[in-house]
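The values are calculated or read from the model by the stated rules, or taken from the named source; none is laboratory data. Since the model is a prediction, treat every value here as computed from it, not as a measurement. Protein only, heavy atoms only, side chains kept; ligands, DNA and RNA dropped before computing areas. Shrake-Rupley method; radii C 1.70, N 1.55, O 1.52, S 1.80 Å.
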Amino acid sequence: MLNEALARRYAEALFEIVANKDLNLAEQELTEVVQLAEGNAEVANVLNHPHVPLSQKKALMEKIIGDQCGITTKNFLYLLIDRRRQTLLPSVLKAFHVLADEARQIIEAKVVSAKALSADQET
């Protein structure tokens, strides 16, 4: 519960910074970083290990993402690392998705049907 609240606060901070101008880009970059961290056990181990120095974690992120992320996303990631909150990254991404969808006026819905839906019904 506490982690979700923290993740939401970080997501809100990033959302306010990027506002509408870089919303899609920030969401894409954050998604890629989370996929990278979750998809590579070595990266996840280094990022989440308490005895690895923060400078080493930042250097690893810089080496991996290089120029693939904008300065805002990089600084946000470094902030999470500095505050030892990098483990919240997947939760931050989920909260950011919710905020971005709200800004785009998109509502996620789940449909349960007894029979298959037609293409028109799915749309």
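Element breakdown for segment 7-116 at a 1.4 angstrom probe: carbon and sulfur atoms account for 51% of the accessible area. Pairs from the table (Lys58/Lys94; Lys74/Lys94; Lys21/Lys57; Lys74/Lys110; Lys57/Lys94) lying more than 25 angstrom apart at Cα are Lys21/Lys57; Lys74/Lys110.
With all projection directions averaged, the alpha carbon convex hull of segment 40-93 covers 3.6 nm².
D by Stokes-Einstein for segment 1-50, Kirkwood Rh over Cα pairs, 20 °C, 1.002 mPa s: 174 µm²/s.
In the chain the Cα-Cα distances spread across 10 Å bins starting at 0 as 12, 40, 28, 13, 6, 1 percent of all pairs.
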